[in-house]
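The values are calculated or read from the model by the stated rules, or taken from the named source; none is laboratory data. Bear in mind the structure is a predicted one, so any value in this text is a computation, not a measurement. Glycine gets a Cβ as well: all are built from the backbone with ideal geometry, and neighbour counts include every protein chain shown. The area values use the complete protein model at the heavy-atom level, side chains included, leaving out ligands, DNA and RNA. Shrake-Rupley method; radii C 1.70, N 1.55, O 1.52, S 1.80 Å.
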Amino acid sequence: MEIKAQNIEIAYGDYLAVKDMNILVEKGKITTIIGPNGSGKSTVLKGLTRLLNYRKGSVYLDARNLKEFSAKELARHIGVLPQMHSAPPDFQVKELVSYGRMPYQKWYERCNEEDQRIIDWAMQATGVWELREKSINECSGGESQRVWIATVLTQQPEILFLDEPTTYLDISHQQEMMRLVKKLNRESGIGVVMVLHDLSHAMEVSDWVVVIKNGKKYDEGKPEDVINPRMMREVYDVDCDIINIPGREKPLIAYREIS
Ligand code: ADP
Ligand code: MG
């Protein structure tokens, strides 16, 4: 399965936030979108998942235009975790996670055995099984992020879209989130498209990196090809060295000292 955007253009009123965007994301791969604040990363993600309408161009899921899918049908192919999300108070973790099954149910149906099996799998895969009786409000930032991912996973998506899944997490929880993403990708073959700010993480976990600057694609490719000193200067206005260290698979990004 793949999702392909062809020349999409997305505007907020008169403001053109994304232009000439061509992007291909494939099931089974980890694709990371990077770029400065306000460059249009979230807007692109929303365009690819039909959360926003595009003014020009088209988006295809395999050979079919995204516009032809019903909401429920689309939710069985892709799962989206937006940048901001909130739960009403007093939701139990297991209750929230079970709502992810809605795309598979009729309005009058409750969870059947099959649904329950998938809900349990999702809670186990994301390590929230022990939290299932807790209220979502009693969960820490890292925990609630995993609960949300479990919820989206019960949709059994082929591709998972995550907008800044590590923001507001401390370093160990950031690493835990990256490990979870890799595990889901490796073990379940789920494609992942995510927006990340941490370029070291992007370097480590991505198969493909798309760089966005001012609403346009600046570059794309393998992380070690795309994340280079020139891109860092032109896109982020930051000086850095990229250092290869024997014994490490991926190079390190060393930012110039702050003076
Ligand atoms: P990023 O995710 O890269 O930080 P966004 O995609 O959220 O950037 O935003 C891209 C541009 O569009 C920014 O200039 C932002 O201010 C603008 N923008 C985003 N959402 C809206 C909105 N709902 N209404 C108007 N402008 C918006
Ligand atoms: Mg954003």
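Among residues of the stretch 150-179 that are of a type in the set (Gly, Ala, Ser), those with a beta-carbon under 9 Å from a residue that is open to solvent by 20 Å² or more (accessible area, probe 1.4 Å) at least six positions away or on a different chain give the pairs Ala150/Gln124; Ala150/Gly127. Taken over the stretch 71-98, the criterion of being closer than 28 Å to Tyr60 by Cβ, part of a helix (DSSP H, G or I) and out of contact with any helix residue (DSSP H, G or I) (no Cβ under 6 Å at 6 or more places or on another chain) is satisfied by Ala71, Glu73, Leu74.
Go through the stretch 13-22 and give me each residue that's away from ligand 2 (no atom under 13 Å from the Cβ) and either within 22 Å of Thr166 (Cα to Cα) or surrounded by fewer than 22 Cβ atoms within 10 Å (Cβ to Cβ) (or both).
Start the filter on the stretch 13-22 by keeping residues that are away from ligand 2 (no atom under 13 Å from the Cβ), which leaves 13-16, 19-22.
Hits for the stretch 13-22 are Gly13, Asp14, Tyr15, Leu16, Lys19, Asp20, Asn22.
Among the residues making up the stretch 102-150, a single one is at pLDDT below 95, under 22 Å from Val181 (Cβ atoms) and of a type in the set (Phe, Trp, Tyr): Trp148. Does Lys29 fit the bill of being in contact with a strand residue (DSSP E or B) (Cβ under 7 Å, 6 or more places away or on another chain) and basic (Lys, Arg)? When the stated conditions are applied, Lys29 passes them.
Considering only the stretch 23-45, how many residues are in a strand (DSSP E or B) and more than 16 Å from ligand 2 (Cβ to nearest atom)? Total meeting the criteria: 4. Screening Gly189 on (1) closer than 22 Å to Lys41 by Cα; (2) small (Gly, Ala, Ser); (3) surrounded by fewer than 23 Cβ atoms within 10 Å (Cβ to Cβ) shows it passes everything except condition (1). Across the stretch 66-117, what is the number of residues that are of a type in the set (S, T, N, Q), open to solvent by 40 Å² or more (accessible area, probe 1.4 Å) and either away from ligand 1 (no atom under 16 Å from the Cβ) or in contact with a Gly (Cβ under 7 Å, 6 or more places away or on another chain) (or both)? Number of matching residues: 5.
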